Amino acid sequence: MHAFTALLEREGVKSGDRVALQAENRIEWGHAYLAILEAGAVVVPLDAQLKEYEVGEILATAGAAFAVGDAKHLGVLEAAARLRALPAKRISLDASDALPSYP
């Protein structure tokens, strides 16, 4: 968990930031949730079944500047941010060459 907190901080997460979290129910979800809190940020948990429009509304309302997701949901998070012209920086719970990632 501390390693994920360090990753979040390297990516610019600061105390008080809102960080969206959308992923399947798995151990990394719990690690991400606790790491976001450890960084002093506010977790914006998103149901894994929400679609782009719904996620975009929540991201905009919450003012989330960051979005953490698994491989299955990163596309939803990206599309939601694009639909609402939001600056949500994405961080992956799965290994990724294109994004900062947890493993």
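The values are calculated or read from the model by the stated rules, or taken from the named source; none is laboratory data. Just so it is clear, the structure is predicted and the values come from calculations on it, not from any experiment. Cβ sites come from the backbone with ideal geometry, for glycine too, and all protein chains shown count toward neighbours. What goes into the accessible areas is simple: the full protein's heavy atoms, side chains included, and nothing from ligands, DNA or RNA. Shrake-Rupley method; radii C 1.70, N 1.55, O 1.52, S 1.80 Å.
The table below gives the values:
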| quantity | calculated |
| --- | --- |
| In order through the stretch 25-33: 3J(HN,Hα) via Karplus (6.51 cos²θ - 1.76 cosθ + 1.60), integer Hz, x for Gly, Pro | 6, 7, 4, 5, 4, x, 4, 5, 4 |
| The stretch 66-103 residues near the modelled residue 48 label - backbone nitrogen below 14 Å, point 7 Å along Cα→Cβ | 69-74, 93-94 |
| 5 angstrom amide H check on residue 50, placed H, neighbours 5+ away | none |
| Degrees, to the nearest 10: 52-62 long Cα axis against longest axis of the chain | 60 |
| HN-Hα J in Hz across the stretch 82-88 - Karplus 6.51, -1.76, 1.60, θ = phi - 60°, x for Gly and Pro | 5, 4, 9, 6, 9, x, 4 |
| Estimated [θ] at 222 nm from DSSP helical runs (n ≥ 4, -39500 (n - 2.57)) normalised by residues in the chain, nearest 500 | -13500 deg cm²/dmol |
| Accessible carbon and sulfur surface of the chain relative to its total accessible area, %, 1.4 Å | 54 |
| Computed accessible area, residue 58, all protein chains, 1.4 angstrom probe, square angstrom | 60 |
| The stretch 1-95: radius of gyration and largest Cα-Cα distance (Dmax), Å | 11.8, 33 |
| Mean Cα-pair separation over length for the chain, i.e. relative contact order, pairs under 8 Å, 6 or more apart, % | 28 |
| Long-range amide H partners of residue 90 with built H, under 5 Å | 67 |
| Sorted largest first, extent of the stretch 12-56 alpha carbons per principal axis (Å) | 28, 24, 13 |
